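J.: Pasting a structure here, questions to come.
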Amino acid sequence: MSHHERDSIKNVIKVSLLVCLVCALVVAGAAVTLAPKQVENRERFRQVNILRAAGMYEPGIDVAEAFGRVERRFVDFSTGDYVEMPDSYDPLSAARDAELGLRLQDDPAGIRSMARVGEVFVARGDDGRVSRIVLPVHGYGLWSTMYGFLALEADLDTVSGLRFFEHAETPGLGGEVDNPRWQAQWNGKRLFDEDGEFALEVLKGRVPEGATDAQHKVDGLSGATITTRGVDNLVRFWMGEQAYGPFLARLRQEIGNESQG
Ligand SMILES: Cc1cc2nc3c(=O)[nH]c(=O)nc-3n(C[C@H](O)[C@H](O)[C@H](O)COP(=O)(O)O)c2cc1C
């Protein structure tokens, strides 16, 4: 074969196509074989964040085992009742569904629509009593929808933790929602005042030294007022009447009866 023939257009195309085919197979193969691993990792990351919000996480623990103490339940937002749903049910997909979702008129969290049925995570202590309730929350910041978990203690008032596991706010500004020092401030804050009214507020700026209502106030993120407003709005929305409000009222009664009985 002469040099000329080997470099013919036909051969160049043939070799190019072959290289393309081999590369495509490698990439497609990787995508297919790694997809379950990605789903698994994402689910594990969600579980870690649920445990973190609930104060049940320490580095090195067996996540699956710790998560075994957490029960996933489904809640009808309109009544606050537990309902049965298939394991595969996903409230975030349901939000966009014509029947399973609900378009929001009053939409402070900037999410446009929400599922009619949500999920909650109930952790129990060794005595079998409810120790933490972890509630998925999400809402718009400056650039992105922030997805997280708000965990409450059994009084359904004291915050045990807030963690976001997905957002695209600016690192160093809105991205400081991931700063452990800011997150730590949420521990022990109270959602409601003595009259049972929602009272928690994420301030613009710092909580003043010696503020009498400091139990209801969280420092804002400096240079990120819009993200800060977003967090304030989403917590208010999800703890309110349109979202987990009826469920919290119901559960408060239930836990009250449980501890009497
Ligand atoms: C590149 C860039 C990224 C920004 N990222 C954020 C952000 O993630 N969250 C936020 O609230 N503000 C962000 N800002 C600032 C907002 O544009 C706005 O100025 C700010 O929220 C006002 O808050 P301040 O009163 O605390 O300065 C960003 C600004 C720039 C120029």
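J.: Taking 0.36 nm per intervening residue step and subtracting the Cα-Cα distance, what contour gain separates residue 98 from residue 185 on full extension?
T.: Difference between extended and current length: 27.5 nm.
J.: Compute the signed sum of charges (Lys and Arg +1, Asp and Glu -1) over the other residues within less than 11 Å, Cβ to Cβ, of residue 185. List each step's numbers first, then the result.
T.: Values: positive: 181, 189, 206, 217; negative: 219.
Neighbour charge sum, excluding residue 185 itself: +3.
J.: Further question: So for region 123-164, considering every pair of alpha-carbon atoms, how many percent are separated by more than 11 Å?
T.: Values: 561 of 861 pairs.
In whole percent, the share of Cα-Cα pairs in region 123-164 beyond 11 Å is 65.
J.: Something else: Calculate, axis by axis, the spread of Cα positions in region 14-100 along the three principal axes, and write the results as whole Å, longest axis first.
T.: Reported extents, whole Å, longest axis first: 65, 42, 17.
J.: Taking every Cα atom in the chain, find the radius of gyration and the maximum pairwise distance Dmax, and write them in Å.
T.: Just the Cα atoms of the chain yield Rg and Dmax of 23.9, 95 Å.
J.: Once you place label points 7 Å from the Cα toward the Cβ at residue 25 and residue 249, how far apart are they in nm?
T.: Modelled inter-label distance: 6.3 nm.
J.: Further question on the same structure: Using the charge dipole of region 70-260 (Lys, Arg: +1 at Cβ; Asp, Glu: -1 at Cβ; taken about the Cα centre), state which of 177, 128, 101 has its Cα farthest towards the positive end.
T.: It is 177.
J.: Based on a Kirkwood Rh over C-alpha pairs, give the Stokes-Einstein translational diffusion coefficient of region 149-261 at 10 °C and viscosity 1.306 mPa s in µm²/s.
T.: Details: Rh = 14.9 Å.
Taking Rh from Cα pairs, D becomes 106 µm²/s.
J.: Mind listing the long-range amide H neighbours of residue 146? Cut-off is under 5 Å, sequence gap 5 or more, other chains count too, H placed in the peptide plane at 1.01 Å from N.
T.: Those lying under 5 Å, H to H, from residue 146 are 139, 140, 141.
J.: Okay, next question. Charges only on Cβ, +1 for Lys and Arg, -1 for Asp and Glu: so what's the dipole of region 152-223 about the Cα centre, in debye to the nearest 20? Write out the running numbers ahead of the final one.
T.: Working: 7 positive and 15 negative charges, 76 e Å.
Using Cβ point charges on Lys, Arg, Asp and Glu, region 152-223 gives about 360 debye.
J.: If R₀ is 30 angstrom, what is the calculated FRET efficiency for the pair residue 44 and residue 225, using the beta carbon separation as r and rounding to 0.05?
T.: Details: r = 34 Å, r/R0 = 1.12.
Plugging the Cβ-Cβ distance into 1/(1 + (r/R0)^6) gives 0.35.
J.: Another question, then. Quick one: net charge of residue 101's neighbours, Cβ under 12 Å, K/R +1, D/E -1?
T.: On the way: positive: 96, 103, 112, 116; negative: 90, 97, 99.
Local charge sum for residue 101: +1.
J.: If you don't mind, another one. Take every Cα pair under 8 Å in the chain that's 6+ residues apart, average their separations, divide by the length, and report that relative contact order as a whole percent.
T.: Relative contact order, the chain: 16 percent.
J.: Loop only by DSSP, 13 or fewer other Cβ within 10 Å of the Cβ. Give me the GluC sites (Glu not before Pro) in region 23-100 that pass, ordered by residue number. Working shown, then result.
T.: On the way: sites: 40, 43, 65, 71, 84, 99; in loops: 84, 99.
Sites meeting the loop and neighbour criteria: 84, 99.
Read-outs: derived from the displayed coordinates by stated rules, not from any lab. What you see is a predicted model; the values in this text were computed from it and never measured. Don't worry about glycine lacking a Cβ; one is built from the backbone with ideal geometry, like all the others, and counts go over all protein chains shown.
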